[in-house]
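*Asks:* Can you keep this structure in mind? I'll have questions shortly.
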Amino acid sequence: MKNVIKYFSALSLYFCVLGFSVVVNAQKKQVTEPDIIKVGIYNNPPKIFMNEKGQPDGFFVDILREIGKTENLKYEYQFDTWDHLYKKLQTGQIDVLPDVAYSSKRDSLFTLSKLPVISSWSELFSRKDVHLNSIMDVRNLKVGVLKGAIEAQYMSEFVTKEFEITFTLKTYDTFAQTVKALKNKEIDVLAADRFFAFSNLRDKNIEPTGVIIRPIGLHFGFVKNKNKALVDLFDKNITDLKNDKNSVYYTSLFHWLEKQKSNALPEYIKWFILGTIAALVFALLIVFLLRKRVKEKSDQLSAANIIVGESEDQLKTIAGNLVNGMIYQIVTIDDNVRKFNYVSDGVFNLYGCSAEEVMNDPGLIYRKIHPDDIPIMRAAELKAIHTMTNYVVEVRVINPDGSVRWSYSVAKPRYINGLLCWDGIEYDISERKQLEIDLKIAKDKAEESDRLKSAFLANMSHEIRTPMNGILGFAELLKEPTLKEKKQQKYVAIIEKSGVRMLNIINDIINISKIESGQMEVYLQDSNVNEQLEYLLTFFTPEAEKKDIALLCKKGLPYDDAYITTDREKLFAVLTNLIKNAINHTKSGTIEFGYKQKEMMLEFFVKDTGVGVPQNRQEAIFERFIQADIANKMAYQGAGLGLSISKAYVEMLGGSLWLFSEEGRGSTFFFTLPYDKKESKEAMITLDFEPPIAIAAAPSLKILIAEDDTISRMLIMRVVKDFSREIIIAKTGLEAVEACQKYDDIDLILMDAQMPEMDGYEAMTEIRKFNTTVKIIAQSAYALPGDKEKAIEAGANEYVTKPIKIRVLKEIIAQFFSN
């Protein structure tokens, strides 16, 4: 009975298992067909290539197939050159690109597998008639690389900079072309990763030189931030394959990258065995003789140990007294494992840990090296190992508080019992490095200053001479005795226009100079954005209508909500410049400007239907002295400073400025400013309707003109002639003070800010000590922010800038003495 029960129990268990298997298999069959993954293939055997049957093959293809088999993936392979596949991955035309070497640039362009599929290094290969012993031998040679490969970047940037050598770099679409060029002596050397040594493209005439450039990790590359699930799937499988010593990963690696081993015992091995046997026999004969010598040497060693102990004490004393430094010996177990044989107590001052702690855990030091500098250390090690010369490197070290210091290490490699050891010294060079950085910054500034000076002279020579040509030329034409009044007025208008253009250029030069020198100040005050836009619409409408342009304004907030705290003069200058540019570059159509609120920012825009800016010029136009159309630069007036000034102003005010444009279809400039809603209702800008001046009603005044420039003095005398009964002249600030002391009935003083002996500000201060009623109008050719406030503080009642606007000066005088 018991046997029957056991039989039925076993039978029941069998059917349960069978039923579970059926269910699982049914579920598997219900899995939807996988999406097709597009994979890029190029010829770089043995890692990846198209075989003789036209099928993808190689180490990376084996890994792809294994992952596809495990995860039920289907691939569509696209064969092309490396450079084309690199661009296709950027644009998403393929999903996966194998054999992508890591670099910071590629990490920003693509999503790379977390683990490198395999590690490698870049190496130089040459013909047998080209002999390379070190990287220095590449000087003046022709080096071939695969177009777009990491070796192109290493050779052009790293090797040129680190070893200060020059050579000719040529790029090719495929490795086959590169090898052909090498054999035809079009190039002397080709740069590739170490796996090229196993490629079927390499024959006996091409040999590795042993000159290593840099270590690299080879990854799978994916479209940036597109398919995280696919990336995670590959990372998981790569990890599983690399952790399983019996996996396809190692089978494929040995298949493709290791040469076949011969079963026959090499002849030299046979001789080696015979020699070893003979040596053993000989050793047995002399072992008894050595015993006696051992005892003698033991006695000598005891005496030597005493001397060594004294030497070690001296070494420790020297190492302990090393300021901001330490002495060490490191043994390299493999590429990733290091061990300190010795480290002095100075390590505590550098890394904050004891010598004993570092001996037990070398990572206490290596983990503090700045990640960006680890490749530099590795490259220096490879160079030193290759030439067995000194290892010298400067790297950054991250302190426990997060700050960074600079460390200098010099070490000499040597082999001890088959292990590579480094005897070295390290010390803190932060102060010296900071001095070098400061000197480099000063040098760069000096070079930039020299470049800007050249650009300034070239552009200003044209921009100043052009309006000067109009001023001087038409001034000469005004001398013609038979000139009719209509032409006379036309010539005067041209002279005025040229003068305004020159004044704008000078203002731009002053502004960009203050920006570059860091002297441009920001004056924050409440400003109503809607009022400024309304004023600009009124101001630019006549100019736009002359070119048949519709000028539109869009306000994003109600009037009472449109108050912000900003430098309204700089905001007004930015909007004016952008609208003026739009009118200049638009033949007809519409120009729309305005703003809208985006969270805590106001986003302003100026949109036109003009000529547009070419894609390759959209960054350059924000540089000084640059216009978008270089080939036809003279088509538009200007020194090329307006956008540079506008960009600087916007950034000073806490925003940013950018451009969207299509050539031939127009441009839209955007910029943002912080929006901090204000309740103030003060009007910020009022329109000037220029009412007529009642000159006839002005009284007859006694006027003091303090001006050292003859022409400026003549102009002012002519302007105030209708207001004056007597005019007194002072050519220095001191003369102006003395004149006021002599004549106490002076009604009005016109005071220049810059004069010899005593400037206008000091003169006004002295005059106010004994005369507080006389009206003073200060004038200055500087016209810089803050000058008006400075003049009022010194005692002026009003302030005007040169070139003096005659109407403005008359209005001020009429207002002072209207009663």
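The values are calculated or read from the model by the stated rules, or taken from the named source; none is laboratory data. Quick caveat: nothing in here was measured; it's all calculated off a predicted structure. FYI the Cβ positions are ideal-geometry reconstructions off the backbone, even for glycines, and counts take in every protein chain you see.
*Asks:* Only one residue in Phe196, Phe220 is within 26 Å of Val117 (Cα to Cα), touching a Pro at 6+ places or on another chain (Cβ under 9 Å) and part of a helix (DSSP H, G or I). Which one?
*Replies:* Testing whether each residue is within 26 Å of Val117 (Cα to Cα), touching a Pro at 6+ places or on another chain (Cβ under 9 Å) and part of a helix (DSSP H, G or I) leaves just Phe196.
*Asks:* Specify which of the listed residues (Asn581, Asn530) is touching a helix residue (DSSP H, G or I) at 6+ places or on another chain (Cβ under 7 Å) and farther than 22 Å from Leu659 by Cβ.
*Replies:* Exactly one residue qualifies, and that residue is Asn530.
*Asks:* Please list, ordered by residue number, the helices (runs of 4 or more DSSP H) wholly in segment 100-190 having 3 or more residues that are buried (at least 17 other Cβ atoms within 10 Å of the Cβ) and not assigned by TED's automatic domain parsing to the domain that holds Tyr250.
*Replies:* Filter on segment 100-190 gives an empty set.
*Asks:* Look through Tyr563, Tyr491 and report the one residue that is surrounded by 14 or more Cβ atoms within 10 Å (Cβ to Cβ), more than 24 Å from Lys580 (Cβ to Cβ) and modelled with pLDDT under 80.
*Replies:* Answer to the selection: Tyr491.
So that you can scan it fast, the table gives a plain yes or no per residue for (1) modelled with pLDDT of 95 or more; (2) out of contact with any Lys or Arg (no Cβ under 9 Å at 6 or more places or on another chain); (3) of a type in the set (Asp, Glu):
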position: Ser21; (1), (2), (3): no, yes, no
position: Ile48; (1), (2), (3): no, yes, no
position: Lys53; (1), (2), (3): no, yes, no
position: Glu66; (1), (2), (3): no, yes, yes
position: Leu85; (1), (2), (3): no, yes, no
position: Asp99; (1), (2), (3): no, no, yes
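*Asks:* Consider only pairs whose beta carbons are under 7 Å apart and that are at least six residues apart or on different chains; among these, list those whose first residue lies in segment 762-779 and is in the same structural domain as Glu798 (by TED's automatic domain parsing) and whose second residue is basic (Lys, Arg).
*Replies:* From residues that are in the same structural domain as Glu798 (by TED's automatic domain parsing), the pairs are Gln779/Lys802.
*Asks:* Given the criteria within 25 Å of Gln177 (Cα to Cα) and not hydroxyl-bearing (Ser, Thr, Tyr), does Phe60 qualify?
*Replies:* yes
*Asks:* Here's something else I'd like to know. Could you check segment 524-536 and list, in sequence order, the residues that are farther than 15 Å from Pro674 by Cα and within 38 Å of the chain's Cα centre (by Cα)?
*Replies:* Residues satisfying the conditions are Asn530, Gln532, Leu533, Leu536.
*Asks:* Does segment 364-373 include one or more residues that are out of contact with any Phe, Trp or Tyr (no Cβ under 7 Å at 6 or more places or on another chain) and closer than 26 Å to Met136 by Cα?
*Replies:* yes
*Asks:* Something else now. Do the conditions hold for Thr586, that is, is it over 21 Å from Leu673 (Cβ atoms) and either assigned by TED's automatic domain parsing to the domain that holds Asn507 or free of Cβ contacts under 8 Å to residues at least 60 places away in the same chain (or both)?
*Replies:* It is false that Thr586 is over 21 Å from Leu673 (Cβ atoms) and either assigned by TED's automatic domain parsing to the domain that holds Asn507 or free of Cβ contacts under 8 Å to residues at least 60 places away in the same chain (or both).
Residues are listed down the side, and each one gets a yes or a no for (1) of a type in the set (Ser, Thr, Tyr); (2) at pLDDT 75 or above; (3) part of a helix (DSSP H, G or I):
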{"position": "Lys443", "(1), (2), (3)": "no, yes, yes"}
{"position": "Ala458", "(1), (2), (3)": "no, no, yes"}
{"position": "His462", "(1), (2), (3)": "no, no, yes"}
{"position": "Arg465", "(1), (2), (3)": "no, no, yes"}
{"position": "Asn469", "(1), (2), (3)": "no, no, yes"}
{"position": "Lys479", "(1), (2), (3)": "no, yes, no"}
{"position": "Gly499", "(1), (2), (3)": "no, yes, yes"}
{"position": "Asn511", "(1), (2), (3)": "no, no, yes"}
{"position": "Leu533", "(1), (2), (3)": "no, yes, yes"}
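*Asks:* Now for a different question. For segment 714-729, does any single residue satisfy the condition of being buried (at least 18 other Cβ atoms within 10 Å of the Cβ), at pLDDT below 90 and of a type in the set (Phe, Trp, Tyr)?
*Replies:* Yes: segment 714-729 contains one or more residues that are buried (at least 18 other Cβ atoms within 10 Å of the Cβ), at pLDDT below 90 and of a type in the set (Phe, Trp, Tyr).
*Asks:* Identify, please: which residue in segment 351-388 is touching a Ser or Thr at 6+ places or on another chain (Cβ under 7 Å) and not polar (S, T, N, Q) and is, among those, farthest from Leu124 (Cα to Cα)?
*Replies:* For segment 351-388, the residue satisfying everything is Ala355.
*Asks:* Go through segment 149-182 and give me each residue that's in contact with a strand residue (DSSP E or B) (Cβ under 8 Å, 6 or more places away or on another chain) and at pLDDT below 90.
*Replies:* Scanning segment 149-182 gives Ala149, Ile150, Glu151, Ala152, Tyr154, Met155, Ser156, Phe158, Val159, Phe175.
*Asks:* From the set of residues in segment 191-226 that are of a type in the set (D, E, K, R) and within 15 Å of Lys47 (Cα to Cα), which is surrounded by the most Cβ atoms within 10 Å (Cβ to Cβ)?
*Replies:* For segment 191-226, the residue satisfying everything is Asp193.
*Asks:* Filtering segment 336-351 down to residues that are without any contact (Cβ under 8 Å) to a residue 12 or more places away in the chain and outside any strand (DSSP E or B), which residue is surrounded by the most Cβ atoms within 10 Å (Cβ to Cβ)?
*Replies:* Filtering first and then ranking leaves Phe348.
*Asks:* Can you confirm whether Ile749 is touching a residue at least 40 places away in the same chain (Cβ under 8 Å) and assigned to a strand (DSSP E or B)?
*Replies:* Yes, satisfied.
*Asks:* Check Ala778, Ala796 and return the single one that is on the phi < 0 side of the Ramachandran plot, among the small types (Gly, Ala, Ser) and in a strand (DSSP E or B).
*Replies:* Ala778
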